[in-house]
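Trainee: Sharing a structure, written as structure tokens. Questions coming.
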Amino acid sequence: MSFASPMIQEPASVPEPAVAAKVAARNVNVHYAEKHALKDVSVDIPARAVTSFIGPSGCGKSTFLRCINRMNDTIPICRVTGEITIDGKDIYDSRLDVVLLRARVGMVFQKPNPFPKSIYENVAYGPRLHGMARNKTELDEIVVNSLKRASLFEEVKDRLQESGTGLSGGQQQRLCIARAIAVSPEVILMDEPCSALDPIATAKIEELIDELRSNFTIVIVTHSMQQAARVSQRTAFFHLGSLVEEGSTEQIFTNPKDKRTQDYITGRFG
Amino acid sequence: MTGFYYALMVALALGAYFLVRGRAAALANGQTLHSRPSYHGLLAAAQVILPMILIHFAGSVLAARFVEHQALVAMDPALLTDELRRGAAFREIREFAIGRGAANATQALQAGAAMYAYLSALTNWAVLGLGLAVGIAMALFSLRSISGEFRARNRFEQVVRYLLMACATVAVITTIGIVFSVLFETFRFFQKVSPIDFLFGTHWSPQTAIRADQVGSSGSFGMVPLLVGTLLISTIAILVAGPIGLFAAIYMAEYASPKFRAWAKPILEILAGIPTVVLGFFAALTVAPLIREVGTSLGLSVASESALAAGLVMGIMIVPFVSSLSDDVITAVPQSLRDGSFGMGATRSETIKKVVLPAALPGIVSAFMLAISRAVGETMIVVMAAGLAANLSFNPLDAVTTFTVQIKTILVGDQEFDSAKTLAAFALGFVLFFFTLTLNVIALAIVRKYREQYD
Ligand SMILES: Nc1ncnc2c1ncn2[C@@H]1O[C@H](COP(=O)(O)OP(=O)(O)OP(=O)(O)O)[C@@H](O)[C@H]1O
Ligand SMILES: [Mg+2]
């Protein structure tokens, strides 16, 4: 199955943004019931690069991340306004099939959440759903390739039929990454993917993110400045629901324009 | 006397509690205590209550045997060895002693009754005295053992532990006792009827001749018709309750708004509280005639009491068992699994089918097993809606009968205790027990197998 075809039948009337961005957000506001969680966020996320979101707890990083694949739709009290486009097409368009959107925009969660199924079935889940393999051989190939790209294959190749929940935390998280890339998404969203992992497993995932960059657009939320500096090319700093500053990672960490950004990355608050 | 004993015990325990706690509190002013004063008090109360209960139980049992023995000896020593007359004689003695005996009592009976009255009073007082003495001694002992280092808190913890252990033991021993008594009677039954005939016989009519010269019914005890009847009705019931219950649970857990759920769930649970006899006449008076009418209009021959009627109503009865438990286990599946699935682009129903239900499977299986056990054990609805006729039939439109119904039928009314007919009830009970036990073991095995995989 190819995702190159447009998700919506008619071409959207949105003009191409100035910067050639994979994902572009314009004036995005999010309310949880009465709470104004995200205020007027506009940002461009470039293709085939790692963008990291940093900021103190509760500032809306996860909320914004979840807007990009419309996971906020599953929260009844959540209301999103503004515009988010992927490849110039509005993803909040009512004609868009949100199920297909989520196949294009994969997500890796803070806590590894492998399904209570075998390792093989975990990775085959998405391809099966979307009918991406015509037969068992093709499916096997997708599973093995995804596991290899998530650098997990060597560790699990002899026990593909064992339960995914029996793996270590780091392995589980790599399994979730393999599961996400098995449907060949264009964008991968990662919400603190290493927060439940030890330094060695974290290093492995970071290495993996760096490799995946050549094929995917990656957005990662992290609480670790070092991690943001190590893996990302662009960094966005959020504070109290607003996007304070966005730029190349180097610029944000060496020469932040905003006082709040500077305070945060030097550890003065947050 | 018993009431008086326990009133005394409570008074003594309360006294010990407050006295000891007060003393300990007084001590606490000068030094640090290992345990807070109330623990000293609680331990003291426990130390009074437990021995006193023990003395009362053991004392009463021993005293009763002693009194019976002595009273019979006083009446006529020969009675002791005469098992048949012994019980009746002792009953007579007791009746006479409380003044309800016949006026024309024999000399011997009077002597026995006098001995009974005298010894009863004596032993009662002895138990009371002993209990009181021990209670007071324990209270004093508690008072003396108060000290800064005394670990009343840890001791009390031990007391609690042994109490809980005792309760668990009682439950286990009762179960074992019931199983063995049923097993024992079943063996007696098998001395009269061959196990082969019982297990594989296809004819059930438990009427036996009460007197030797009676003609006709010699009784036949083949349980196959009952087994088939039980399976038939339970199968119908679970075919009704399984889908309805499970789908209702899925709707309530995954789709319904919290508001709907808040009132729908309690209503479903009320269904579980309807007495089965009410459901029974609903089955007999509404459902069975309806089935018969529909059947006849379709040209089928339907018995006025049918397995279908009983099975349908029983299915309705067990819907809440399936739905309520399934709902709980489905709700307990972590949200992160659903998020993971939605994040992969799965729809809600795909997520339910491929992730939520497999993860909840062990719990759902136990819900089904519980429901089946309820169906197999249910009597009232079957009596009222499916009849008593032991037909060997797989046709849900026929009247059939089940294990429980036959047990009830056999044991209602006057019975000769060691006739094959009466003993057959125990054999049926044993088979039923074995049946549900097997179900439970299977359920446990399934649950365990998937637990390993799904945690
Ligand atoms: N489901 C929800 N219902 C109501 N309020 C929510 C919900 N999710 C988030 N919020 C609120 O929205 C705000 C932003 O939350 P969000 O989870 O996006 O923060 P975050 O930046 O990801 O924080 P953290 O770094 O701690 O994960 C918070 O104030 C939070 O209380
Ligand atoms: Mg977050």
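Trainee: Those residues that are within 16 Å of ligand 1 (Cβ to nearest atom) and of a type in the set (Ser, Thr, Tyr), I need them from region A:208-231; list them, please.
Mentor: Those that are within 16 Å of ligand 1 (Cβ to nearest atom) and of a type in the set (Ser, Thr, Tyr): A:THR222, A:SER224.
Trainee: Restricting to region B:368-405, name every residue that is open to solvent by 30 Å² or more (accessible area, probe 1.4 Å) and closer than 16 Å to B:PHE247 by Cα.
Mentor: Within region B:368-405, B:PHE368 is the sole residue that qualifies.
Trainee: Looking for something in a loop (DSSP other than H, G, I, E, B), more than 14 Å from chain B (Cβ to nearest Cβ) and over 25 Å from A:ASN29 (Cβ atoms) - is there at least one such residue anywhere in region A:114-132?
Mentor: no
Trainee: Ok, one more. Can you confirm whether region A:263-270 contains a residue that is of a type in the set (A, V, I, L, M, F, W, C), open to solvent by less than 50 Å² (accessible area, probe 1.4 Å), away from ligand 2 (no atom under 16 Å from the Cβ) and away from chain B (no Cβ under 14 Å)?
Mentor: Within region A:263-270, one or more residues are of a type in the set (A, V, I, L, M, F, W, C), open to solvent by less than 50 Å² (accessible area, probe 1.4 Å), away from ligand 2 (no atom under 16 Å from the Cβ) and away from chain B (no Cβ under 14 Å).
Trainee: Considering each residue of region A:47-67, count those that are aliphatic (A, V, I, L, M), surrounded by fewer than 22 Cβ atoms within 10 Å (Cβ to Cβ) and within 16 Å of ligand 1 (Cβ to nearest atom), and give that number.
Mentor: Selection size over region A:47-67: 1.
Trainee: So A:GLU186 passes all but one of these: (1) among the acidic types (Asp, Glu); (2) over 18 Å from B:MET344 (Cβ atoms); (3) more than 16 Å from ligand 2 (Cβ to nearest atom). Which condition number does it fail?
Mentor: (2)
Trainee: I need the full set of residues from region A:83-113 which are crowded, with 24+ Cβ neighbours inside 10 Å, away from ligand 1 (no atom under 16 Å from the Cβ) and part of a strand (DSSP E or B), in order please.
Mentor: The answer is A:VAL105, A:GLY106.
Trainee: Looking at region A:70-82, which of its residues are open to solvent by 50 Å² or more (accessible area, probe 1.4 Å), touching a strand residue (DSSP E or B) at 6+ places or on another chain (Cβ under 9 Å) and in a loop (DSSP other than H, G, I, E, B)?
Mentor: A:ILE77
Trainee: Among the residues of region A:140-148, is any in contact with a strand residue (DSSP E or B) (Cβ under 7 Å, 6 or more places away or on another chain), open to solvent by less than 10 Å² (accessible area, probe 1.4 Å) and not charged (D, E, K, R)?
Mentor: no
Trainee: Does any residue of region B:36-54 turn out to be open to solvent by 50 Å² or more (accessible area, probe 1.4 Å) and at pLDDT below 90?
Mentor: yes
Trainee: Taking A:ILE181 as the residue in question, decide whether it is more than 15 Å from ligand 1 (Cβ to nearest atom), at pLDDT 90 or above, within 14 Å of chain B (Cβ to nearest Cβ) and within 30 Å of A:ASP140 (Cα to Cα).
Mentor: Here the answer is yes, as A:ILE181 does meet what is asked.
Matching residues to (1) within 16 Å of ligand 2 (Cβ to nearest atom); (2) farther than 24 Å from A:ILE265 by Cα; (3) among the acidic types (Asp, Glu):
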position	(1), (2), (3)
A:VAL23	no, yes, no
A:GLU34	no, yes, yes
A:ALA37	yes, no, no
A:VAL43	no, no, no
A:SER52	yes, no, no
A:PRO56	yes, no, no
A:SER62	yes, no, no
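Trainee: Looking at region B:291-305, is at least one residue away from chain A (no Cβ under 13 Å), open to solvent by less than 20 Å² (accessible area, probe 1.4 Å) and modelled with pLDDT under 90?
Mentor: Yes, there is a match, as at least one residue in region B:291-305 is away from chain A (no Cβ under 13 Å), open to solvent by less than 20 Å² (accessible area, probe 1.4 Å) and modelled with pLDDT under 90.
Trainee: Further question: Anything in region A:184-206 that is of a type outside the set (A, V, I, L, M), within 16 Å of ligand 1 (Cβ to nearest atom) and open to solvent by less than 20 Å² (accessible area, probe 1.4 Å)? List them, or say none.
Mentor: Result: A:ASP191, A:PRO193, A:CYS194.
Trainee: State yes or no: is B:LYS408 at negative phi, within 14 Å of chain A (Cβ to nearest Cβ) and surrounded by fewer than 18 Cβ atoms within 10 Å (Cβ to Cβ)?
Mentor: no
Trainee: Give region A:36-69 a look and list any residue that's part of a loop (DSSP other than H, G, I, E, B), under 13 Å from the mean Cα position of the chain (by Cα) and within 19 Å of A:PRO193 (Cα to Cα), or say none.
Mentor: Once the filter is applied, which keeps residues that are part of a loop (DSSP other than H, G, I, E, B), under 13 Å from the mean Cα position of the chain (by Cα) and within 19 Å of A:PRO193 (Cα to Cα), region A:36-69 yields A:ARG48, A:ALA49, A:ASN69.
Trainee: Does B:ILE244 count as closer than 25 Å to B:PRO396 by Cβ, open to solvent by 30 Å² or more (accessible area, probe 1.4 Å) and in a helix (DSSP H, G or I)?
Mentor: For B:ILE244, the condition - closer than 25 Å to B:PRO396 by Cβ, open to solvent by 30 Å² or more (accessible area, probe 1.4 Å) and in a helix (DSSP H, G or I) - is met.
Trainee: If you check B:PHE260 against the conditions, is it in a helix (DSSP H, G or I) and without any contact (Cβ under 8 Å) to a residue 24 or more places away in the chain?
Mentor: When the stated conditions are applied, B:PHE260 passes them.
Trainee: For region A:23-43, enumerate the residues that are at negative phi and either open to solvent by 30 Å² or more (accessible area, probe 1.4 Å) or basic (Lys, Arg) (or both).
Mentor: The answer is A:ARG26, A:HIS31, A:TYR32, A:GLU34, A:LYS35, A:HIS36, A:LYS39, A:SER42.
Trainee: For region B:334-360, name all the residues that are over 20 Å from A:MET107 (Cα atoms), touching a residue at least 12 places away in the same chain (Cβ under 8 Å) and more than 7 Å from chain A (Cβ to nearest Cβ).
Mentor: The answer is B:LEU357, B:ALA360.
Trainee: Kindly indicate the residue of region A:52-69 that is closer than 12 Å to A:PHE237 by Cβ and not aromatic (Phe, Trp, Tyr) and also nearest to the other protein chains (Cβ to nearest Cβ) among those meeting that condition.
Mentor: For region A:52-69, the residue satisfying everything is A:LYS61.
To keep it simple, each residue is scored yes or no on (1) buried (at least 23 other Cβ atoms within 10 Å of the Cβ); (2) at pLDDT 90 or above; (3) over 28 Å from B:LEU227 (Cα atoms).
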site	(1), (2), (3)
B:ALA309	yes, no, no
B:ARG338	no, yes, yes
B:LEU361	no, no, yes
B:SER366	no, no, no
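Trainee: I'm checking my understanding of the structure. Among residues of region A:220-246 that are in contact with a Lys or Arg (Cβ under 7 Å, 6 or more places away or on another chain) and open to solvent by less than 10 Å² (accessible area, probe 1.4 Å), which one is farthest from ligand 2 (Cβ to nearest atom)?
Mentor: A:GLY241
Trainee: Within region A:34-46, take every residue that is within 11 Å of ligand 1 (Cβ to nearest atom) and out of contact with any strand residue (DSSP E or B) (no Cβ under 6 Å at 6 or more places or on another chain) and give me the one that is farthest from the other protein chains (Cβ to nearest Cβ).
Mentor: The residue in question is A:HIS36.
Trainee: While we're here: Only one of (1) of a type outside the set (Lys, Arg); (2) part of a loop (DSSP other than H, G, I, E, B); (3) within 14 Å of chain B (Cβ to nearest Cβ) fails for A:CYS194. Which number is that?
Mentor: Every condition holds for A:CYS194 apart from (3).
Trainee: Let me ask another. Within region A:70-79, can you find the residues that are out of contact with any His (no Cβ under 8 Å at 6 or more places or on another chain) and either within 16 Å of ligand 2 (Cβ to nearest atom) or away from every other protein chain (no Cβ under 14 Å) (or both)?
Mentor: A:MET71, A:ASN72, A:THR74, A:ILE75
Trainee: Test A:ARG159 against the stated conditions and say whether it is of a type in the set (Lys, Arg), away from every other protein chain (no Cβ under 12 Å) and open to solvent by 30 Å² or more (accessible area, probe 1.4 Å).
Mentor: Spelling it out, A:ARG159 is indeed of a type in the set (Lys, Arg), away from every other protein chain (no Cβ under 12 Å) and open to solvent by 30 Å² or more (accessible area, probe 1.4 Å).
The values are calculated or read from the model by the stated rules, or taken from the named source; none is laboratory data. Source: prediction; values computed, not measured. Cβ atoms come from the backbone with ideal geometry, glycine included; neighbour counts cover every protein chain shown. Quick note on the areas: whole protein, heavy atoms, side chains included, nothing else; ligands and nucleic acids left out. Shrake-Rupley method; radii C 1.70, N 1.55, O 1.52, S 1.80 Å.
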